[in-house]
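Below you will find the structure I want to go over with you.
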Amino acid sequence: MSVSVKDVEHIAKLARLRLTDDEKIEYTGQLNNILEYMEKLNELDTDNVSPLTHPMEKENVFREDIVKESLNRDKALKNAPKSNDEHFLVPRVIKGSGK
Amino acid sequence: MVSYSNFSEKLALIKSGRLTLSENVDFFLQKIRDNSDLNAYNFVFEDAAKKRALEVEAKIKSGNFGKLAGLVVAIKDVLSLKDNPLTCSSKILKDFEAVYTATAVQKLLDEDAIIIGKTNCDEFAMGSSNENSAFGPALNPVDKDYVPGGSSGGSAVAVAAGLCDVSLGTDTGGSIRQPASYCGIVGMKPTYGLVSRFGLTAFASSFDTIGPFANNVEDAELLLSVIAGFDENDSTSVEHQYTPDEKNLDEIVIGLPKEYFGEGTDEEVNKSLQEAISTLKNNGVKFKEISLPHTEYTIATYYILTTAEASSNLSRYDGARYGYRSENVADLAEMYENSRSEGFGDEVKRRIMLGTYVLSAGYYDAYYLKAQKVRRLIREDFDKAFEEVDFILTPTTPGTAFKLGENIDDPLKMYMLDIFTTSANLAGIPGISLPVKNVTGKMPVGLQLFGNRLSDAGLFAAAKQIFSLL
């Protein structure tokens with residue numbers, strides 16, 4: 001499997017990254033290098049191995065469903081790049097003639 | 001200032017009045033200023049540390065004080081301390097201030113430790129040299145032309161250069177043990193889940209651990225014993241009580257995995273390890289050759305799984321709720337793209353790209369699922385090995401510290417340097433790096449000891465005795 005510049009553009013779009021033309025070429029070469037090395041795993045027959053998703057394999061960690069103190073609004077907004085006293089502010093999403 | 005070689009000596013000096021804590025903190029602050037070229041700290045809490053020194057000193061005098069009273073600690077800048085900066089050495093979190101305190105850090109404060117500052121690291125803990133930092137590289141105090149290792153480079157430098165007593169780092173694939181080895185100090189990665197990750201900025205959540213750096217094994221164990229413990233705020237936290245172990249070296253067998261002493265290991269490291277092993281043998285320590293047959297697959301497995309987890313974890317940096325937002329935004333999509341592209345550094349972007357690729361439609365089974373299966377095989381290697389031996393001894397790294405800039409253009413080469421450390425994170429087991437004498441060169445060499453999951457106390461007991469014999 002080899003990755004083309006076009007593939008890199010697609011991955012960048014999925015990852016919400018904008019790459020310069022130089023970066024696209026650089027990452028294409030590096031990703032190919034790394035992915036080629038990762039092909040090594042195909043030497044192993046893993047048909048009868050179940051995936052390990054977690055080193056301690058804990059399951060179903062529950063807690064009591066009780067309300068506890070959480071971050072208040074002021075604190076939650078403290079690091080916002082743009083906010084009024086109530087909301088995070090972002091560029092308009094729905095374009096149109098609204099006020 | 002009167003000197004001490006570990007925390008219990010320090011506490012005795014404070015109690016006897018031969019050392020005042022304020023004088024001690026001033027000494028560290030001056031030394032941090034004198035060694036600013038090492039770039040160990042992103043932030044130094046000068047006023048807070050001085051104030052706290054007075055408070056803790058009064059507590060010690062009153063006889064009612066915590067287990068770490070007077071211990072001066074530096075913490076890696078990926079750990080939250082409320083109302084203080086938390087940058088992860090990234091431009092994307094340049095002005096971020098933590099809104100709560102990490103559980104591990106709170107436990108230090110509860111036991112009267114003094115937090116002197118936050119240390120430099122690779123951006124979001126991604127790197128093996130501390131060169132991927134928005135604050136610039138930290139330098140190895142043994143020789144400033146060399147990297148200190150990473151990603152917890154600043155935490156290792158701060159301890160090795162005497163800019164604090166002990167420090168906390170994080171280890172996702174060797175980020176504590178490798179810099180400890182490169183700087184010639186003790187660094188320990190606990191069993192996954194033993195220390196709560198609450199308040200630790202996530203990189204790869206099924207790998208991330210928090211652990212100590214120190215100049216000696218006793219102080220490292222003390223620090224770990226305080227930060228360990230179940231936390232309801234971390235669903236992967238293990239219900240296990242840390243209890244010190246008294247195990248004697250003559251009751252144990254140590255495994256030597258042949259895959260870790262082969263041609264991939266530099267002569268300098270091999271020779272130094274052999275010398276250390278023969279010293280231990282002469283002191284009656286029993287060794288047995290073992291095999292960890294999937295060792296050659298650890299790097300591929302590790303980098304597929306951790307980049308996948310990272311691409312998911314780092315999707316939260318979108319410029320909307322916190323962190324850097326690009327000035328140049330016409331609409332929402334552009335806000336996401338430009339904020340992330342301008343805010344993340346090169347290595348972080350590369351890992352997000354790689355992780356996004358291995359998780360993307362059509363490649364998920366071939367890379368991500370495959371790697372999860374191999375992860376099980378790697379863990380089984382260790383499970384089998386621990387049926388035969390109590391601990392496993394290896395070099396921490398295949399070579400000693402390299403020069404700044406030497407590997408920066410070849411990411412795969414840099415990844416390969418993690419060959420002996422990533423296995424512990426894949427398997428969830430604890431590992432500790434201890435300094436050993438370099439018999440042919442000048443840069444420090446590290447000996448790594450692995451234990452089985454939740455054998456952390458036994459690992460410390462063995463490490464203490466090994467450290468004293470070497």
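The values are calculated or read from the model by the stated rules, or taken from the named source; none is laboratory data. As the structure is a computational prediction, the values presented were derived from the model and not from experiment. Cβ atoms come from the backbone with ideal geometry, glycine included; neighbour counts cover every protein chain shown.
Give B:Val73, B:Val159, B:Val56 a once-over and let me know the one that is farther than 22 Å from B:Asp171 by Cβ, out of contact with any Lys or Arg (no Cβ under 9 Å at 6 or more places or on another chain), away from chain A (no Cβ under 14 Å) and of a type outside the set (D, E, K, R).
Criteria check complete, one pass: B:Val56.
Next up: Could you tell me whether A:Lys40 is at the interface with chain B (Cβ under 8 Å from one of its Cβ atoms) and exposed (fewer than 15 other Cβ atoms within 10 Å of the Cβ)?
The answer is yes for A:Lys40.
Another one. Report yes if B:Ala366 is farther than 28 Å from B:Ala134 by Cα, at the interface with chain A (Cβ under 8 Å from one of its Cβ atoms) and in contact with a helix residue (DSSP H, G or I) (Cβ under 9 Å, 6 or more places away or on another chain), otherwise no.
Against the criterion (farther than 28 Å from B:Ala134 by Cα, at the interface with chain A (Cβ under 8 Å from one of its Cβ atoms) and in contact with a helix residue (DSSP H, G or I) (Cβ under 9 Å, 6 or more places away or on another chain)), B:Ala366 qualifies.
Related question: Restricting to the range B:387-428, what's the tally of residues that are among the aromatic types (Phe, Trp, Tyr) and in a strand (DSSP E or B)?
Result for the range B:387-428: 1.
Could you look through the range B:39-73, keep only residues that are of a type in the set (S, T, N, Q) and buried (at least 19 other Cβ atoms within 10 Å of the Cβ), and pick out the one that is nearest to B:Val105 (Cα to Cα)? Quick ask: steps written out before the conclusion?
Step one: of the range B:39-73, the residues of a type in the set (S, T, N, Q) are B:39, B:42, B:62, B:64.
Of the ones still in play, those that are also buried (at least 19 other Cβ atoms within 10 Å of the Cβ) are B:39, B:42.
Details: B:Asn39: 22, B:Asn42: 17 Å.
So the residue we want is B:Asn42.
Considering each residue of the range B:270-299, count those that are assigned to a helix (DSSP H, G or I), more than 21 Å from the chain's Cα centre (by Cα) and among the hydrophobic types (A, V, I, L, M, F, W, C), and give that number.
Of the residues in the range B:270-299, 4 are assigned to a helix (DSSP H, G or I), more than 21 Å from the chain's Cα centre (by Cα) and among the hydrophobic types (A, V, I, L, M, F, W, C).
Can you tell me which residue among B:Gly343, B:Gly405 is in contact (Cβ under 8 Å) with a residue 12 or more places away in the chain, among the small types (Gly, Ala, Ser) and surrounded by 19 or more Cβ atoms within 10 Å (Cβ to Cβ)?
On the way: B:Gly405 fails: surrounded by 19 or more Cβ atoms within 10 Å (Cβ to Cβ).
Criteria check complete, one pass: B:Gly343.
While we're on this one: Can you list residue pairs whose Cβ atoms sit under 9 Å apart, with the first residue in the range B:364-378 being of a type outside the set (Val, Ile, Thr) and the second being surrounded by fewer than 18 Cβ atoms within 10 Å (Cβ to Cβ) and assigned to a helix (DSSP H, G or I)? Count only pairs 6 or more apart in sequence or on different chains.
Sorted first by the residue in the range B:364-378, then by its partner, the pairs are B:Ala366/A:Asn42; B:Lys370/A:Asn42.
Quick one: count up the residues across the range B:265-301 that are within 14 Å of chain A (Cβ to nearest Cβ) and surrounded by fewer than 17 Cβ atoms within 10 Å (Cβ to Cβ).
Result for the range B:265-301: 2.
Could you please find all residues in the range B:420-430 being more than 12 Å from every other protein chain (Cβ to nearest Cβ) and either surrounded by fewer than 20 Cβ atoms within 10 Å (Cβ to Cβ) or in contact with a Pro (Cβ under 9 Å, 6 or more places away or on another chain) (or both)?
The answer is B:Phe420, and nothing else.
Something else now. Name the residues in the range B:57-88 that are among the basic types (Lys, Arg) and farther than 22 Å from B:Ser196 by Cβ, would you?
If the condition is that a residue be among the basic types (Lys, Arg) and farther than 22 Å from B:Ser196 by Cβ, then B:Lys59, B:Lys61 are the ones that fit.
Now, a different point. Looking for something within 30 Å of B:Asn132 (Cα to Cα) and polar (S, T, N, Q) - is there at least one such residue anywhere in the range B:11-33?
yes
Give me a count of the residues in the range B:336-359 that are of a type in the set (A, V, I, L, M) and more than 7 Å from chain A (Cβ to nearest Cβ).
3
Can you say whether B:Asp219 is at pLDDT 95 or above and outside any helix (DSSP H, G or I), as far as the supplied structure shows?
no
Given the conditions (1) of a type outside the set (Lys, Arg); (2) touching a residue at least 60 places away in the same chain (Cβ under 8 Å); (3) in contact with a Phe, Trp or Tyr (Cβ under 8 Å, 6 or more places away or on another chain); (4) buried (at least 24 other Cβ atoms within 10 Å of the Cβ), and given that B:Tyr146 satisfies all but one, which numbered condition is not satisfied?
The one condition B:Tyr146 does not meet is (4).
Moving on to the next point. Of all residues in the range A:47-68, which are of a type in the set (S, T, N, Q) and modelled with pLDDT of 90 or more?
A:Asn48, A:Ser50, A:Thr53, listed by residue number.
Looking at (1) in contact (Cβ under 8 Å) with a residue 40 or more places away in the chain; (2) within 14 Å of another protein chain (Cβ to nearest Cβ), which is the only condition B:Leu393 fails?
Condition (2) is where B:Leu393 drops out.
Same structure again: Looking only at residues that are within 17 Å of B:Asp234 (Cα to Cα) and surrounded by 10 or more Cβ atoms within 10 Å (Cβ to Cβ) in the range A:43-60, which one is nearest to the other protein chains (Cβ to nearest Cβ)? Even if it seems obvious, please write down each step before you answer.
At the first step, the residues of the range A:43-60 found to be within 17 Å of B:Asp234 (Cα to Cα) are A:53-60.
The next check asks that each one be surrounded by 10 or more Cβ atoms within 10 Å (Cβ to Cβ); those that pass are A:53-58.
Working: A:Thr53: 6, A:His54: 5, A:Pro55: 3, A:Met56: 5, A:Glu57: 9, A:Lys58: 7 Å.
Looking at the filtered set, the residue picked out is A:Pro55.
Could I ask something else about it? If you scan the range A:9-37, which residues turn out to be of a type in the set (A, V, I, L, M, F, W, C) and more than 7 Å from every other protein chain (Cβ to nearest Cβ)? Before the answer, list the steps.
Kept after step one, since they are of a type in the set (A, V, I, L, M, F, W, C), are these residues of the range A:9-37: A:11-12, A:14-15, A:17, A:19, A:25, A:31, A:34-35.
Residues satisfying the conditions are A:Leu19, A:Ile25, A:Leu35.
Still on this structure, I have one more. So B:Ala333 fits all but one of (1) more than 7 Å from chain A (Cβ to nearest Cβ); (2) part of a helix (DSSP H, G or I); (3) within 27 Å of A:Lys40 (Cα to Cα); what number is the exception?
B:Ala333 satisfies all of (1) more than 7 Å from chain A (Cβ to nearest Cβ); (2) part of a helix (DSSP H, G or I); (3) within 27 Å of A:Lys40 (Cα to Cα) except (3).
Would you check if B:Glu388 is over 24 Å from B:His294 (Cα atoms), away from chain A (no Cβ under 12 Å) and either over 20 Å from the mean Cα position of the chain (by Cα) or touching a residue at least 60 places away in the same chain (Cβ under 8 Å) (or both)?
Considered against the rule, which asks whether it is over 24 Å from B:His294 (Cα atoms), away from chain A (no Cβ under 12 Å) and either over 20 Å from the mean Cα position of the chain (by Cα) or touching a residue at least 60 places away in the same chain (Cβ under 8 Å) (or both), B:Glu388 comes out as no.
Another question, if that's okay. If B:Ala371 satisfies every condition in (1) surrounded by fewer than 18 Cβ atoms within 10 Å (Cβ to Cβ); (2) assigned to a helix (DSSP H, G or I) but one, which is the exception?
(1)
How many residues, within the range A:61-93, are more than 18 Å from B:Val99 (Cα to Cα) and within 10 Å of chain B (Cβ to nearest Cβ)? Even if it seems obvious, please write down each step before you answer.
Restricting attention to the range A:61-93, the residues satisfying the condition of being more than 18 Å from B:Val99 (Cα to Cα) are A:61-67, A:84, A:89-93.
Right, trim to within 10 Å of chain B (Cβ to nearest Cβ) and you get A:61-64, A:89-93.
Residues flagged as more than 18 Å from B:Val99 (Cα to Cα) and within 10 Å of chain B (Cβ to nearest Cβ) within the range A:61-93 amount to 9.
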